[in-house]
């Protein structure tokens, strides 16, 4: 196979002397300041709040019901929010150790750490 011969074309002399045009800058759009919304609690934060108010150990199903009744947190449509909360609390206990907000009092029950 033979290669095709290509010729290079030179740019006109005028193009080499022209300076590049400066780019136009767009004004930065800022959002109008809205009143600060109350930040929604996560499930684990709401659980800590419920345990603090209750003062005794609770299982996750009881915590989910109390959070919903008080309006702190509701499930966004999950089938097992109590299992998700249980897992999140155990993860926090394992990760933070003595600095965790929760302690496991007995099987399936948690209380606030002192």
Exercise for the section: Can you tell me the FRET efficiency between residue 28 and residue 88 if r is taken as the Cβ-Cβ distance and R0 is 41 Å, rounded to the nearest 0.05? Expected result: 0.60
Practice task
Could you sort 76-84, 21-29 so that the peptide with the highest average Cβ count within 10 Å comes first and the rest follow in order?
Solution key: 76-84, 21-29
Handout entry: Residue list for region 81-96, given a label point 7 angstrom along the Cα-to-Cβ vector of residue 54 and an amide N cut-off under 16 Å
Key = 81-90
Completion exercise
So, relative contact order of region 43-112 in percent, Cα under 8 Å, 6 or more apart, is 40
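We did not get these values from a lab; they are worked out from the coordinates using the rules stated. Remember, predicted model here, so these are calculated numbers, not experimental data. Here Cβ is always computed from backbone atoms with ideal geometry, including for glycine, and neighbour counts include all displayed protein chains.
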